């Protein structure tokens, strides 16, 4: 019975959102390659990448490792436990990422585009 419960948990798929702050020394192409590397990890370990937002280069609220700005990326994805563990491990050791945060989204969460929100405000 215990093994069946653990097996069910391993196969459970949830929706997550990861925010990455990539080091500012990289150019746009290198930043895209860094984010693509994480998308590949998600897909290779059984996850599925959803919406991706490039927020561009922004000033940090406080310096991190003597850096005042960084490239912000937000990526939504669905993944199981195996994908999540691997992604967290790689993000921790990556020199190109200043900070990251992975958040589990509620099951009924539906991402809304900016155009939908603008139409709602204007209407």
If a residue must be surrounded by 14 or more Cβ atoms within 10 Å (Cβ to Cβ) and without any contact (Cβ under 8 Å) to a residue 60 or more places away in the chain, how many such residues does the range 68-79 contain? 7
Name the single residue, out of those in the range 80-113 being within 10 Å of the chain's Cα centre (by Cα) and outside any helix (DSSP H, G or I), that is surrounded by the most Cβ atoms within 10 Å (Cβ to Cβ). 100
Please count how many residues of the range 33-67 are touching a strand residue (DSSP E or B) at 6+ places or on another chain (Cβ under 8 Å) and in contact (Cβ under 8 Å) with a residue 12 or more places away in the chain. 23
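A short reminder: the numbers here are calculations on the coordinates, not readings from a lab. Computed from a predicted model, the values in this text were never measured in an experiment. Virtual Cβ from ideal backbone geometry, glycine too; neighbours counted across all protein chains shown.
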